[in-house]
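The values are calculated or read from the model by the stated rules, or taken from the named source; none is laboratory data. None of these values were measured; they are calculated from a predicted model. Using ideal geometry, Cβ is built from the backbone for each residue, glycine included, and neighbour counts are taken over all protein chains shown.
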Amino acid sequence: MTLIPQDASSSLPIFPDGFRWGVSTSAYQIEGAVDADGRGQSSWDVFSAQPGRIVDGSNGDRAADHYRRYADDVALMRDLGVTDYRFSIAWPRIVPGGDGAVNEAGLDFYDRLIDALCGAGISPVATLFHWDTPQWLEDAGGWTNRDIAHRFAEYAAIVGKRFGDRMGMWITLNEPMVLTNFGYALGAHAPGRTLGLGALPVAHHLLLAHGLAAQQLRAAGCAQIGIANNHPPVWAASDDPADHAAAQLYDMLVNRLFADPLLLGHYPDALRDAMPGPVDDDLRIIAGSLDWYGLNYYNPERIGAPSGRVRRLDGFDMPTDLPFDVGEIEGYPRTDFDWPVVPSGIGEAIGLLRERYGDQLPPIHVTENGCSYADGPDAAGRIADRRRIDYHDGHIRALKRAIDDGADVRGYFIWSLLDNFEWAAGYEQRFGLVHVDYDTMERTPKDSYFWYRDLIARQPSARR
């Protein structure tokens, strides 16, 4: 990746008027206060308490203490100049127990946050579910149990009615592929189940939950409803037909399984029979439910035929009996998470969506794009995270090229505003534009924060 000179701000790309500039977070990763104000237990509370599940033995009990420091974080976003803030609502804060009773104190917290955002001129973008399943539902089978889709719809109705008058956009689910595969198939994330291909019904129940929730949000008068799917471009390891077959299978399981039902109204043929019924009735709820499409992009994946070798991915040893091999992508810089930095991949992902779904593809927002680098304060307190600046500069320029080529992309959200609890990696990985000292909870904007501020300020859609 070509490094951008320090004085390159004058050449920063200019995006169309109305383009949205944001940052993203999620509840369990930043809020903390897991015992505060009636919040119920989540699947991640239980998972993190199990020895060996989290790399550094940590949990989200305190995280970045956003629950108590949200006003300071809103002030950081106001000064950053973002037009939008994507956060998630913690389902266990709203419906903490199996009796279905609504926790008013949980709703009150998000009222305060949303009002603070609106007062700062920032449009709220709420994700209803970012992997923190209420534990009482997990105990009943979690996402393997069809009933959870209906409980999710009830929860969507509650928050839609309460917050719909102030919400700019809604995201029903974040990355259902990750929960299906890492949470239920491989066991690397909560709830830690190892069902293998037996996890496929989880994907269907998640998509059904999305469709039912979208119905409830619309009934409450809400608009601008989307979903956040991650779509890595899949590169075959070689020209060998076996590698191509493995890459096609991987692409089907991580990309098409979660996009085809939403945008085409059917599952890939090879997977349809694995879905729990009534599939056709459910697909009528799932299909056509989007006003916009959220794309999370981090890097492509290099996939080959199964080799039986052990590959460590995101701190987790992948099983050796998978029907494909996840290989290394060489020749690119790497983040501290050991992810390859491939800016052109964001354009490739958008191009694949356009090619596959054509007129059925609604406008796109890039709802996550980010990188982990552990740069900390120097003796003067400055955090010179040049690699993060280069990362985002490269991806934003690639995104602008995709727009110039005709892609209808309307927003870009950096992951993340704050350093946070990075799931099974604990606190070892830092994605934030703002550094968090986990001992004192002091926030320190990094150089990348000021770079992003300057980029936004040059745009015609900047807040004045």
Which one of these is of a type in the set (Gly, Ala, Ser), out of contact with any Ser or Thr (no Cβ under 9 Å at 6 or more places or on another chain) and either part of a helix (DSSP H, G or I) or over 21 Å from residue 418 (Cβ atoms) (or both): 105, 63?
105
I'd like the residue in segment 413-464 that is free of Cβ contacts under 8 Å to residues at least 60 places away in the same chain and acidic (Asp, Glu) and, out of all such residues, is surrounded by the fewest Cβ atoms within 10 Å (Cβ to Cβ).
439
Checking the structure you have, find out if any residue of segment 22-37 is assigned to a strand (DSSP E or B), of a type outside the set (Val, Ile, Thr), under 14 Å from residue 418 (Cβ atoms) and touching a helix residue (DSSP H, G or I) at 6+ places or on another chain (Cβ under 7 Å).
no
Neighbours by Cβ (under 7 Å, 6+ apart or cross-chain): first from segment 98-116, over 13 Å from residue 167 (Cβ atoms); second among the charged types (D, E, K, R) and at pLDDT 95 or above
103/93; 105/37; 106/37; 106/39; 106/93; 107/162; 109/37; 109/93
Consider residue 235 against the criteria (1) under 30 Å from residue 330 (Cβ atoms); (2) part of a helix (DSSP H, G or I); (3) in contact with a Lys or Arg (Cβ under 8 Å, 6 or more places away or on another chain): it satisfies all of them except one. Which criterion is unmet?
(2)
Number of the exception - residue 233 against (1) crowded, with 22+ Cβ neighbours inside 10 Å; (2) in contact with a helix residue (DSSP H, G or I) (Cβ under 7 Å, 6 or more places away or on another chain)
(1)
Does residue 119 satisfy the criteria of being surrounded by fewer than 16 Cβ atoms within 10 Å (Cβ to Cβ), at pLDDT 95 or above, of a type outside the set (A, V, I, L, M) and more than 23 Å from residue 84 (Cβ to Cβ)?
no
Any residue at all in segment 72-81 that's over 30 Å from residue 461 (Cβ atoms) and either more than 22 Å from the chain's Cα centre (by Cα) or part of a helix (DSSP H, G or I) (or both)?
no
Please indicate, with yes or no, whether at least one residue in segment 243-262 is in contact (Cβ under 8 Å) with a residue 60 or more places away in the chain, touching a Gly at 6+ places or on another chain (Cβ under 7 Å) and surrounded by fewer than 22 Cβ atoms within 10 Å (Cβ to Cβ).
yes
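Considering only segment 369-383, I want to know if a residue exists there that is outside any loop (DSSP other than H, G, I, E, B) and crowded, with 19+ Cβ neighbours inside 10 Å. Spell out the reasoning first.
First, the residues of segment 369-383 that are outside any loop (DSSP other than H, G, I, E, B): none.
No, because not a single residue in segment 369-383 is outside any loop (DSSP other than H, G, I, E, B) and crowded, with 19+ Cβ neighbours inside 10 Å.
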Scan (1) in contact with a helix residue (DSSP H, G or I) (Cβ under 8 Å, 6 or more places away or on another chain); (2) crowded, with 19+ Cβ neighbours inside 10 Å; (3) not aromatic (Phe, Trp, Tyr); (4) not in a loop (DSSP other than H, G, I, E, B) for the single condition residue 40 breaks and write down its number.
(4)
Inside segment 190-218, can you point out the residues that are touching a Leu at 6+ places or on another chain (Cβ under 7 Å) and assigned to a loop (DSSP other than H, G, I, E, B)?
194
